[in-house]
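Reviewing the structure listed below.
The values are calculated or read from the model by the stated rules, or taken from the named source; none is laboratory data. The model shown is predicted, which means the values in this text are computed figures rather than measured ones. All Cβ positions, glycine included, derive from the backbone under ideal geometry; neighbour counts span all protein chains shown.
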Amino acid sequence: MKYEINSLAVYEFGDRKNPSIIFVHGFPFDHTMWKEQINELQKDHHLVVYDIRGLGESYVGDGQYTMEAYVSDLFSVMEGMKLNKPVLCGLSMGGYISLRAVEVGEDKFSGLILLDTKSQSDDDNGKLVRSNSINKINIEGLASFAESFVSNLFAEENKEELIDVYNDTIKMAQSHNPLGVKGALIAMLSRTDTTKNLEKIMIPTLVMGGAFDKLTPPTVMREMAEKIKDSEYASVPRAGHMAPLENPSFVNDMIRGFIKRRIVK
Ligand code: MLT
């Protein structure tokens with residue numbers, strides 16, 4: 001079922017009687033990057049997925065976004081869908097949004113799943129890379145930027161073994177309004193650092209990342225997990241930065257097991 005909340009495209013799957021999970025996608029994607037989780041986990045979970053402002057079918061507006069606006073969008077989706085303490089699951093940019101959402105409103109969630117993400121904000125080099133990305137989109141167009149960006153996200157072997165998934169992911173990244181993609185780059189570039197809050201997180205947390213993730217490698221993910229009191233860490237085999245698409249059965253088993261053991265009372 002599809003809804004429009006606060007000009008955002010929101011989708012609901014599964015039975016509300018089951019534990020709720022709200023998913024926040026990565027950059028520069030949309031809610032369809034969770035398709036393998038939707039297919040499998042809706043059997044015994046209540047799932048809410050949405051397109052972040054400026055991406056997918058959500059409102060683009062003037063393309064001037066901040067991480068704070070993304071967080072208030074997340075809260076408005078939760079309110080609009082009347083979600084009572086869902087598990088929050090974010091990948092990469094979705095993880096940045098999740099970490100900040102938990103920093104300002106941990107009591108709204110029963111658990112946290114952090115996939116291929118990090119708490120550190122962009123350093124100077126990271127800011128320059130974002131700035132170059134905006135230039136590249138302006139000069140060469142979104143299609144070219146999206147193709148080279150996605151080529152860094154998959155484990156090398158998966159670009160051949162999962163060629164259809166890889167090509168579909170490039171298409172997903174190319175499908176947006178360039179204004180929304182550039183707005184997301186600025187929002188990421190200007191986000192705050194959430195590292196200091198990690199040790200304050202009290203809700204059960206699952207930290208998981210691809211064994212071959214080049215953007216947020218296993219060492220970064222493990223260090224983040226070690227700072228969160230009630231956390232578990234898993235390295236996803238045969239996966240890079242797009243673990244939910246590259247090894248969905250492993251990721252789904254981990255999510256299902258975590259919720260069964262740690263969330264459902
Ligand atoms: C993502 O997957 O959301 C992006 O790679 C995050 C980033 O560029 O920092």
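Can you tell me which residue within the stretch 246-256, out of those that are touching a strand residue (DSSP E or B) at 6+ places or on another chain (Cβ under 9 Å) and part of a helix (DSSP H, G or I), is nearest to ILE22 (Cα to Cα)? Step through it out loud before you land on a result.
If we filter the stretch 246-256 for residues that are touching a strand residue (DSSP E or B) at 6+ places or on another chain (Cβ under 9 Å), which is where we start, we get 246-247, 250-251, 254-255.
Now restrict to residues that are part of a helix (DSSP H, G or I): 246, 250-251, 254-255.
Numbers: GLU246: 20, PHE250: 19, VAL251: 15, MET254: 16, ILE255: 12 Å.
Only one residue tops the list, namely ILE255.
Search the stretch 213-225 for residues that are acidic (Asp, Glu) and pair each with any residue that is crowded, with 16+ Cβ neighbours inside 10 Å and modelled with pLDDT of 95 or more when their beta-carbon atoms are under 7 Å apart and the residues are at least 6 apart or on different chains.
ASP213/ASP116; ASP213/GLY240; ASP213/HIS241
If we scan the stretch 111-120, do we find a residue that is within 23 Å of MET221 (Cα to Cα) and surrounded by fewer than 17 Cβ atoms within 10 Å (Cβ to Cβ)?
Yes: the stretch 111-120 contains one or more residues that are within 23 Å of MET221 (Cα to Cα) and surrounded by fewer than 17 Cβ atoms within 10 Å (Cβ to Cβ).
Which ranges mark the helices (runs of 4 or more DSSP H) fully within the stretch 128-236 that have 2 or more residues being aliphatic (A, V, I, L, M) and touching a strand residue (DSSP E or B) at 6+ places or on another chain (Cβ under 6 Å)?
Because the criterion is at least 2 residues that are aliphatic (A, V, I, L, M) and touching a strand residue (DSSP E or B) at 6+ places or on another chain (Cβ under 6 Å), the helices (runs of 4 or more DSSP H) in the stretch 128-236 that meet it are 218-227.
In the stretch 156-183, what residues are surrounded by 22 or more Cβ atoms within 10 Å (Cβ to Cβ), touching a helix residue (DSSP H, G or I) at 6+ places or on another chain (Cβ under 9 Å) and either without any contact (Cβ under 8 Å) to a residue 12 or more places away in the chain or among the small types (Gly, Ala, Ser) (or both)?
ALA173
Collect the residues in the stretch 114-146 that are more than 15 Å from the ligand (Cβ to nearest atom) and among the β-branched types (Val, Ile, Thr), keeping them in residue-number order.
Hit for the stretch 114-146 is ILE139, nothing else.
Just to be sure, is GLU106 away from the ligand (no atom under 12 Å from the Cβ), surrounded by 14 or more Cβ atoms within 10 Å (Cβ to Cβ) and not in a loop (DSSP other than H, G, I, E, B)?
Yes: the conditions hold for GLU106.
Among the residues of the stretch 203-223, write down those that are farther than 18 Å from ILE255 by Cα and aliphatic (A, V, I, L, M).
LEU215, VAL220
Look through the stretch 75-103, keep the residues that are of a type in the set (A, V, I, L, M) and in a strand (DSSP E or B), and return whichever of them is surrounded by the fewest Cβ atoms within 10 Å (Cβ to Cβ).
VAL87
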